[in-house]
Amino acid sequence: MSVRLGALQRGHRHRLREILDATSVFRESEIDVALELFDEVFAAGPARAPYDPGDGVASYEFVGSFSRDDQLVGYVCYGATPGTDRTYDLYWIAVHPQFQGEGGGSRLLGEVERRLREREARMLVVETSSRDEYSDTRRFYETRGYTQAARITDFYAPGDDRVIYTKPFPAPQPSPTERGVIAK
């Protein structure tokens, strides 16, 4: 299946909830947080502008993955981390189980990384759970170049550690002209 990436809109909230429920890994409290982020961005209409590092307020950006018949099948939410130098957090990524294994999650994550490279981001931070249900999720990040940077034992609950992955983005290299090299 080929998917197209696109912007989410306020009307996608119900489908987003369906996707989160269908994955069967998120707790109800986690789904509530995901929907709160969505509501914060879309409650007043179109999505707000991306985070402005100068205002110090967190902002969330969303990208949807759509099937050929324009059904929302997955989404990602990310944003700049306030108080940091070009560090971003990946807050949510979910693909409906009927569409998993077809590259939709990789396309969503790839789009986030592409956008962050354009902004000359330094790093993307991902947080996930150590529960067995998240083993495929952890493998997903590891196979895409993310490295486990920290693990906080019993963070979410006894036996449920917080696992933090990071992926640095190399600083863009200046062109020969920018470096002062003149071709002869």
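In segment 1-33, of all residues being hydroxyl-bearing (S, T, Y) and in a helix (DSSP H, G or I), the one that is farthest from Y75 (Cα to Cα) corresponds to S29.
Mind listing whichever residues of segment 161-172 are exposed (fewer than 15 other Cβ atoms within 10 Å of the Cβ) and not aliphatic (A, V, I, L, M)?
Filtering segment 161-172 for residues exposed (fewer than 15 other Cβ atoms within 10 Å of the Cβ) gives 168, 170-172.
Correct list: P168, P170, P172.
So that you can scan it fast, the table gives a plain yes or no per residue for (1) at pLDDT below 95; (2) within 23 Å of P170 (Cα to Cα); (3) not hydroxyl-bearing (S, T, Y):
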residue	(1), (2), (3)
V73	no, no, yes
V76	no, yes, yes
A94	no, no, yes
Q100	yes, no, yes
G104	yes, no, yes
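All of T153, T166, T137 fail the test of being within 17 Å of the chain's Cα centre (by Cα), at pLDDT 95 or above and among the polar types (S, T, N, Q), apart from T166.
Report yes if T147 is on the phi < 0 side of the Ramachandran plot, surrounded by fewer than 15 Cβ atoms within 10 Å (Cβ to Cβ), modelled with pLDDT of 95 or more and out of contact with any Phe, Trp or Tyr (no Cβ under 8 Å at 6 or more places or on another chain), otherwise no.
Values: on the phi < 0 side of the Ramachandran plot: yes; surrounded by fewer than 15 Cβ atoms within 10 Å (Cβ to Cβ): yes; modelled with pLDDT of 95 or more: yes; out of contact with any Phe, Trp or Tyr (no Cβ under 8 Å at 6 or more places or on another chain): no.
So T147 fails the test.
Do we find a residue being surrounded by fewer than 21 Cβ atoms within 10 Å (Cβ to Cβ), in a loop (DSSP other than H, G, I, E, B) and either modelled with pLDDT under 95 or within 12 Å of the chain's Cα centre (by Cα) (or both) anywhere in segment 108-119? Taking every residue of segment 108-119 in turn, at least one turns out to be surrounded by fewer than 21 Cβ atoms within 10 Å (Cβ to Cβ), in a loop (DSSP other than H, G, I, E, B) and either modelled with pLDDT under 95 or within 12 Å of the chain's Cα centre (by Cα) (or both).
Using the structure shown, decide if V3 is of a type in the set (V, I, T), touching a helix residue (DSSP H, G or I) at 6+ places or on another chain (Cβ under 6 Å) and at pLDDT 90 or above. Lay out the reasoning, then the answer.
Numbers: of a type in the set (V, I, T): yes; touching a helix residue (DSSP H, G or I) at 6+ places or on another chain (Cβ under 6 Å): yes; at pLDDT 90 or above: no.
So V3 does not fit the description; no.
Going through segment 13-23 one residue at a time, which ones are closer than 11 Å to G64 by Cβ and under 17 Å from the mean Cα position of the chain (by Cα)?
Going residue by residue through segment 13-23, those that are closer than 11 Å to G64 by Cβ are 15-16, 19.
The answer is L16, I19.
Of all residues in segment 111-128, how many are without any contact (Cβ under 8 Å) to a residue 40 or more places away in the chain and more than 25 Å from F66 (Cβ to Cβ)? So the count comes out to 1.
The values are calculated or read from the model by the stated rules, or taken from the named source; none is laboratory data. Here the structure is a predicted model, which is why all the values come from computation and not from measurement. Cβ coordinates were reconstructed from backbone atoms using ideal geometry, including for glycine residues, and neighbour counts include every protein chain displayed.
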